[in-house]
Structures are given as C-alpha cells and as structure tokens.
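To start, the structure itself, in structure tokens.
The values are calculated or read from the model by the stated rules, or taken from the named source; none is laboratory data. In this text, all values refer to a predicted model and were calculated from it rather than measured experimentally. Cβ atoms come from the backbone with ideal geometry, glycine included; neighbour counts cover every protein chain shown. When the accessible area is computed, the model is the full protein with side chains, heavy atoms only, and any ligands, DNA or RNA have been set aside. Shrake-Rupley method; radii C 1.70, N 1.55, O 1.52, S 1.80 Å.
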Amino acid sequence: MLAAAPTFAQDTGGADVPPPEVLADLLEDDQARQQLIDHLRQQAAADPALAASEPVQDAGPISLPRQLAELTSGIVSDIGGEVRNLFEVVVGLFTADTDTSAIDFGAIATAAINLGLVIAATFALFLIFRSLTRPLFARLSRWSQQGNGMTPVLRLVLCVALAALADVLVVALAYVGGNLIATFAIGESGDLSTRASLFLNAFMIIELIKAALRMLFSSRYEGLRLLPISATEASYWNRWLARLVGLVGYGLMVVVPLASAYLAPTLAQGIGALIMFAAFFYALAVVLRNRVRIRDNLNAMAARSDLTATRVSLQLFARTWHLFALAYFLMVLVLTLTRPADALPFVLFATLKTLVAVVVGMLLSSLLTQTIGRRIRLSDDLRRKLPQLEPRLNSYVPNALRVIRIVILIAVVMLVLDAWGAFDLATWYASEAGRSLVGTLVSVAMILLLAIGVWLALASLIEHKLNPETGKGEPDARAKTLLSLFRNALAIALITMTAMIVLAEIGINIGPLIAGAGVLGLAIGFGAQKLVQDIITGIFIQVENAMNTGDVVSVGGITGTAERLSIRSVGIRDLFGTYHIVPFSSVDTVSNFMRGFGYHVGEYGIAYRESIDEAIVALREAFDELAADEEHKMNIVAPLEVAGVIALADSSVNIRVRIKTTPGSQWGVGRAYNRLVKLHFDAKGIEIPFPHTTLYFGVGKEAEAPPANVRLMRQNFDIDGRPGGQPRSGESSREAQDDPRARPDPAPEGDYEERD
C-alpha cells in the first residue's frame, strides 16, 4: 500500500491505484495512515518538481467578486470560442481550404431523400390523426363552456386533460406509424436507420411539448385554454412558441447530429451555435416588440385583482417582465453554448416545473374563487331562523379566500425557486426547522378555524334565541339584554383565548403575559375605582333586571329610552332626541316605567257650579269610547278607576281617574283619553275652569264708585245658541247673568259706535 501511494498521488487515473477497500483499510489503521502521511511528505521533499506542480496553498475562501469574475471570464471565453469556431466554419464553406474529398455526397443525398420521406410520412399521419380528433376537441370545448353539474374550473381541467390525452395519443400514433414506415417501407426492410430514429425521437419530444403549449394557448377552442387570455393572444403566442421550439428542437436534435455524422463535427458544432443565436435573436425581437402590450395587459389584470399582494406583484412584473424574459433567453443561450450536456436539460426541466407550478396555482385560485368566492346563499328556512348567519359567512369567506391565495402564492414561489435550484424544498421540509414551521402553521390554521366555528355556532344559537320567529317566540327585554351582553363577552373571551393559544403555539411564552395581565388588572383596579364601581354596579343591575334595552327609565336624573346597555354604562335617548351616556357609578335609583303594566293618572278640574256626578259620567263615557277604539283597546288591561274628588282647588273641583295599560302605552292612552274627555265635557256643557280677570274700579271714602263708561259693542251668544244673559231651562236669571259664557265682551276705552 505504501508503495502504491506515490503513484496514486501522482496519477489518480492510472492502473496502479489501489482498490477502494484497500484504501479504506489503510485509512482506518491509525499507524498505517500516519506512515502514509510521512511517506508522502518525504516524496514531496525529495521531488521538488512534484511539489511545484501541485502547490498546496491555504489562501482561505475565495471572495464572491472573484468567483463572479472567474465565472464571467469562463463564460465569455467559451462563448468567444464558439463564435470563433462558427466564423471559421462559415469562412471555410466559402473557401477552397475545406477538404471535401472525404464527404460522400451520394450517400448524403440518399440519406436526405430517405429522411425526407420519413418526415413527410410522419407529419402526414400526424395531420390525418389531428383532423380525426377535431370533432372531439370541439365537443369538449362546448361542454367546457356550456356544461352543467360541475364547477367551471373543474370542467375546464377535465376537458383539457381529455384533450391532452387525445393529443398525446395522436403523437404516439404518428410516431408509431413513422417508425413502421421508416422500418419497412423506406431503406432496407426491417432496419430502422439512425437518421430516422433521430428524427422520430425528436418528433415525439417536440410534439409533446407543443401539445403542452396547446393546453395553455389553445387558439381554436375557447373551452380548452387554461390561460385566461383572448383567442388572438393565444394564437399569437402559441404560434411563436411552436416556431421557437421547432427551430431549436429539430435543429439540435436532428440537424446537428446528422451534420456531425455526414459532414464534420466542427461544422455540426457551428450549425448548433448558429441555430441558438438565431433562436435568441428571434426571441429578443418578439419580446421587445410585445413589451408595451404585455405591460398593459398585466396592469389590467392587476386592476381586476382584489388581493393587494397579487396586485402589487403584477404591477411590478408588468414593468420588468421583458427583463426577466431577456435574462432567461440569454441564460439558455449561454448554457447551450457552454454546457449543453448537463445545463441545458436542467434549464428545460426547470422551465417545465415553473410552468406547471404557475398553472396549477392559477387553477387552484380560480377553483377556490368559483367554489367559495361566490356569495353564499342559505335556504329560506335557515335564513328565517338565523338571519345574521348568511351575512356573517359572506364577510368571513373573502378574508379566508385571501389568506388561501397568499398561501398558494408562497407555495408557487417556493416551487419555482426549488425548480431553479435556488431553494431546496425537500431538504428544507425534511429539516427540523421546516417541519416545525409547517406544523406550526397547520396548528395555527386549525386553531383559528376551530375558534371561528365555535363563534359561529354560539352566535347562531344566541341569534336563534333572540329571533321571535323561532324558539319560544318573542323574548322578553331581559333575555335580549342578557343574551346580547353574553354574546359580547363571548367574543372577547374567544379572541383572548385564541390569541393566547396561537402565541403559545408559535413558541412565545405566555406565562409572563398572563402574569403581566394580572398585575396590570390589579393596577387598573386600584387606579380606576370608578371603572370598577361602574362594572360591579352594572353587573348587579343586570342580575336584578332593573332595566333592559328599549325600556323607558329614569336614571341619574335623565328620563328617556334605554338604547344601549353595557356592563359599564347605559345610553338613554330623551324626549328631545338627546343621547345621554350615564355610567352606573352615578346611578343611585333606577326608575323603570316598563315593568308589568303602566297607569295613566288623570286629574280633571270642573267649575264649582258643575255637577260632580255628571262629570264622572262623562269621564266614564269617554273611557268607554276609548276602550272601543281599535287602536287603543288592546293596550287597556283593566276598567277605569275613578278615585273621586281629590281636591277643592281655588277655581276648580279636581277629579282623579286612573287607567291601567300595558307597559309603555300609558302615555299614548293618556293622550287619547284627554282628547275624548274634552269632547265629552264640551258636549255636556261641563266647564273646565280657566284663569279669570276681575276689574275693580275702586271706592272712595264716601263709598261712592267712579262711573264705568261701558258701551255694549255686540251681542254674545252662549254655547246653546241663546243671547248672553238669557237663562237656560231650569236656570234662574241670576245664574244666567253670572255665567261667564253669557257675558258681553268688555268694551275698550274710548268712544265707539254701536255695531251689530
């Protein structure tokens, strides 16, 4: 082994290299390994030429600029060599320096004719089979556009898959037919020539690529096009890409090998370089010619997008897409010229993976939009029972759809980076960090979904209890208030618990947060005693059912309707429309006008000369008329209560009555009853006293009064249509004179004419 070491050190490719198992045994033995190291050092010291030929330098890692410089220098050198070789080949074709004596032009002509026959037959079979499948493609396109019973995206994917299967079958049949013709009809029977095999293999690969392009850019069939573009755009890009694929594919896979075999390897190499340069400049011209048009189309797509990340990405890509396209074609050109054996297949497969990832992402996004992106419509019965469930779902689904689209976008970007070797997705997922991140994201998503489900279930249950059309009918005010407060408390509790669990799931220690929240709550309790008093008083007010939303209450000196009731305060709208917020810490007494029933308490004054019994009869008649009214009879729950005379006031005799009503209707009933009382008193001639003014002219010392010069201007009539002063039936003339309704209007001062 030691004897073989110098040979191994100098020529690792020679025949004297020891077998791998011998080297393994040598390296496992510490003593033998040390002897080998010493022997190699002695050999290096004894042979300076060997040491000079293999210098060992430990210069450290090479810097990034140096690596880029070396890479760029190598690429430029390779491309320059290819250009020089191409120039020499082209020049040699037009000069006499080229040795053409070794070229058998007869064999070349025969081979060209045979190959042309194979090509013509194969393409003829391909076109015949394509024409036979056109009715199938047309039928699939119509069903994709007008079919029923399936989501449009699923129909599109299914029809495109069937069309692609038919396309592959057509290519396979043409390939088999071409093989049979090349084997038994052209050339020597039973022998497939190399040139025919080259073409047929290239035909299979290139036409399959074109079939994949037809899946994306189907120009003839609208229903078989995966990309959402117009027929004109699809026809243009399908035609351009098909030409590019055909030029590069048939050129590199057929023309170059045949030129190498029948002409010269250097000529074949030059032809390959010429084909790639032609394809590059062709692609360059197409990209620059469509730069503005594609930019406008991408901006239009960005304007239609409802996701901010997608809109911004499309706008940025619209400005720079041509730079990416030019960089891509330049990279393909460089790799084809410098490393055609290993780099070009990598680029092709990376391009294919990129297209597949982008198209699948677009289809998934469209499928989600068509499946759950539309407005959710519940059944009529479910909408009747849970009227808020449909709007709630329609508010959650768009946000969930945005999140899913972001996840799809991230997945597509990761797959594209993995396809081009910038990110190893499989290795990252197999690592501890990758598995942990994916598991955490899945756990967080499940927690959020569970929290949303619990909220929907409990909120729908509360809504079901509050709905008067379901459950046990119209809930009372206390149930409405308590259920509303419970729903708010449930929302706060769910948000808090979900946030804590999510933070714990992503690795944040929530212990200090909980302890800090406790300390903060204690500090708030000491520093905000009024707030604590508000909450405690509010809890007892709700427990004791002191008031509910919609009640007419008097709280803290404010009387009005309770519009909003929380655990800390109550919002009251008074008679003038002013909204008051009263904290419970300032509430000493709650006066609720809406508990059980209400009373209209009316006090009606009559003149001293009126009959009390007649007035009470009029009051009862007014109540009977009110109780018969369709608008108010359902609000009266008891007969009229007449308390009788409650006061002999200065100018009236006051009679009190009371009407028991449903809660909240006492004011409306009272207003209607007051109107009827006035009408009935007027009909019976019962006076409702009003303030009077007495004129006193004074008396002198001798008890004489100054003269009152009063002239009667017109004759008044009382309510019975009699002239003032005339007694009614059963009334003395003295009483008629004292009746204020029969007195003439006082004449103003001055001289007046007598008028009728």
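Just a few scattered comments:
- The one condition in (1) assigned to a loop (DSSP other than H, G, I, E, B); (2) at pLDDT 75 or above that residue 469 fails to fulfil: (2)
- Verdict on residue 299 being closer than 29 Å to residue 335 by Cβ, among the polar types (S, T, N, Q) and part of a helix (DSSP H, G or I): no
- Checked against the criterion of being free of Cβ contacts under 8 Å to residues at least 24 places away in the same chain and more than 39 Å from the chain's Cα centre (by Cα), region 292-313 contains not a single residue that satisfies it.
- Checking every residue in region 650-664 against the condition of being at pLDDT below 90 and open to solvent by 60 Å² or more (accessible area, probe 1.4 Å) gives at least one match.
Here is a yes/no grid of residues against (1) of a type in the set (Gly, Ala, Ser); (2) in contact with a helix residue (DSSP H, G or I) (Cβ under 8 Å, 6 or more places away or on another chain):
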site: 554; (1), (2): yes, no
site: 567; (1), (2): no, yes
site: 575; (1), (2): no, no
site: 593; (1), (2): no, yes
site: 622; (1), (2): yes, yes
site: 629; (1), (2): no, yes
site: 633; (1), (2): no, yes
site: 636; (1), (2): no, yes
site: 657; (1), (2): no, yes
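- Put simply, of 584, 593 the only residue that is modelled with pLDDT under 90 and within 30 Å of residue 653 (Cβ to Cβ) is 593.
- Any hit, region 674-694, residues being surrounded by 10 or more Cβ atoms within 10 Å (Cβ to Cβ), under 60 Å from the mean Cα position of the chain (by Cα), modelled with pLDDT of 90 or more and part of a helix (DSSP H, G or I): yes
- Qualifying residues in region 224-259 (those that are of a type in the set (Ser, Thr, Tyr) and assigned to a helix (DSSP H, G or I)) - the one most open to solvent (accessible area, probe 1.4 Å): 232
- One residue stands out among those in region 94-112 that are surrounded by 11 or more Cβ atoms within 10 Å (Cβ to Cβ) and in a helix (DSSP H, G or I): the one that is modelled with the lowest pLDDT, which is 108.
- Screening 503, 458, 490, 494 for residues that are closer than 30 Å to residue 442 by Cβ, modelled with pLDDT of 80 or more, in contact with a Lys or Arg (Cβ under 9 Å, 6 or more places away or on another chain) and in a helix (DSSP H, G or I) leaves exactly one candidate, 458.
- Selection from region 129-184 of residues that are outside any helix (DSSP H, G or I) and out of contact with any Lys or Arg (no Cβ under 8 Å at 6 or more places or on another chain): 148, 149, 150, 151
- Selection status of residue 84, charged (D, E, K, R), farther than 23 Å from residue 268 by Cβ and modelled with pLDDT of 60 or more: no
- The single residue among 268, 283 that is surrounded by 15 or more Cβ atoms within 10 Å (Cβ to Cβ), without any contact (Cβ under 8 Å) to a residue 40 or more places away in the chain and assigned to a helix (DSSP H, G or I) turns out to be 268.
- Residues (over 29 Å from residue 539 (Cβ atoms) and either within 39 Å of the chain's Cα centre (by Cα) or of a type in the set (Gly, Ala, Ser) (or both)) located in region 557-615: 577, 602, 605, 607, 611, 615
- Lone unmet requirement of (1) in contact with an Asp or Glu (Cβ under 6 Å, 6 or more places away or on another chain); (2) loosely packed, with under 15 Cβ neighbours inside 10 Å for residue 444: (2)
- Flag for residue 174 being closer than 16 Å to residue 116 by Cβ, in contact with a helix residue (DSSP H, G or I) (Cβ under 7 Å, 6 or more places away or on another chain) and either modelled with pLDDT under 85 or buried (at least 17 other Cβ atoms within 10 Å of the Cβ) (or both): no
- Here region 389-413 is the region considered, the condition is being open to solvent by 70 Å² or more (accessible area, probe 1.4 Å) and within 15 Å of residue 452 (Cβ to Cβ), and the residue that is modelled with the highest pLDDT is 403.
- Any hit, region 411-434, residues being farther than 30 Å from residue 328 by Cβ and in contact (Cβ under 8 Å) with a residue 60 or more places away in the chain: no
- Leading residue by the ranking (most open to solvent (accessible area, probe 1.4 Å)) among those in region 635-649 that are farther than 14 Å from residue 612 by Cβ and part of a loop (DSSP other than H, G, I, E, B): 639
- Residue match in region 543-551 (condition: within 25 Å of residue 673 (Cβ to Cβ), in contact with a strand residue (DSSP E or B) (Cβ under 7 Å, 6 or more places away or on another chain) and either open to solvent by 40 Å² or more (accessible area, probe 1.4 Å) or not in a helix (DSSP H, G or I) (or both)): yes
- Taken residue by residue, region 610-619 has at least one member that is part of a loop (DSSP other than H, G, I, E, B), surrounded by 16 or more Cβ atoms within 10 Å (Cβ to Cβ) and in contact (Cβ under 8 Å) with a residue 24 or more places away in the chain.
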